[in-house]
1. So for the chain, taking the charge dipole from beta-carbon charges (+1 Lys/Arg, -1 Asp/Glu), which of 167, 57, 21 sits furthest toward the positive end?
2. So how strong a dipole does the chain carry about its Cα centre when Lys and Arg Cβ are +1 and Asp and Glu Cβ are -1, to the nearest 20 debye?
3. Where in the range 150-208 are there GluC sites (Glu not before Pro) that are in a DSSP coil and have at most 16 other Cβ atoms within 10 angstrom of their Cβ?
4. Considering amide H positions built from the backbone, and no H for Pro or chain starts, which residues 5 or more places from residue 174, or on another chain, come under 5 Å of its amide H?
5. Can you give the helix-only mean residue ellipticity at 222 nm for the chain, where every DSSP H stretch with n ≥ 4 adds -39500 (n - 2.57) and the sum goes over all residues, rounded to the nearest 500 deg cm²/dmol?
6. Can you list the trypsin sites (Lys or Arg not before Pro) in the range 1-83 that are in a DSSP coil and have 15 or fewer other beta carbons within 10 angstrom?
7. For 127, 180, which order do you get if you count the other beta carbons within 10 Å of each Cβ and list the fewest first?
8. HN-Hα J couplings of the range 33-50 from phi, Karplus 6.51/-1.76/1.60, θ = phi - 60°, integer Hz, Gly and Pro as x?
Amino acid sequence: MSSASTRLKLAEIFYSLQGEADSVGIPTVFVRLTGCPLRCQYCDTTYAFHGGQWWDLRAILERVAAYRATHVCVTGGEPLAQPGCLALLAALADAGYRVSLETSGAMPIEAVDPRVIRVVDVKTPGSGEEGRNRYEQLALLRPEEQIKFVLCDRADYEWGREKLASLQLARHCQVLFSPSHEQLPARELADWILEDRLPVRFQIQLHKYLWGDVPGR
């Protein structure tokens, strides 16, 4: 599909502070694509599963440019479920933005433009979608990219700790441990990480502490 003819179905485009990953706190334009083949039990963007509007690539780039930001995050849903996502990522990188992609890890990531920072969400047993993980892809990640675990409880933490060690994830890239909002107290997770001296980065979803679950923030 050529970039000139690329069309994508979007749930929303909005401007906010990045709430996660290594650019947390930086003003960012979010391009949220519609659709996702997963159904994680803690999902906070179920409104992006269906609906949305079709946009051509030029219109998306014009809307993003209007915010005059330096960072753009392509997210979902599962953005890579739409074939046109690859062209969108490349076009944003061509335009000079620092581009990040938030993906579930259930879709192939090797064709993503190398200028894009891939943030891959490893699904835990507590998510209900553990079976969708493509563990073999994690070795493709570069040091500046990230693997994210959203942990629901102590069992998820112990599972994540085992994956961290057995797959030697910290050797490839940054590893983020995040508590599932309203399921695992953030302080408990912080204490576990410190107790076990894990080579991970603790994170919370900054946007939820600022604005709650309001869409588009």
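1. Highest projection toward the positive end goes to 57.
2. Here the chain has a charge dipole of around 520 debye.
3. 182
4. 145, 147
5. -7000 deg cm²/dmol
6. Numbers: sites: 7, 9, 32, 39, 58, 63, 68; in loops: 39, 68.
The qualifying sites are 39, 68.
7. 180, 127
8. 7, 7, x, 6, x, 9, 9, 5, 5, 9, 3, 10, 10, 4, 5, 8, 5, 9
Read-outs: derived from the displayed coordinates by stated rules, not from any lab. Owing to the predicted nature of the structure, the values given are computational and were not obtained by experimental measurement. Ideal geometry is used to build each Cβ from the backbone, glycine not excepted, and the neighbour counts take in all protein chains shown.
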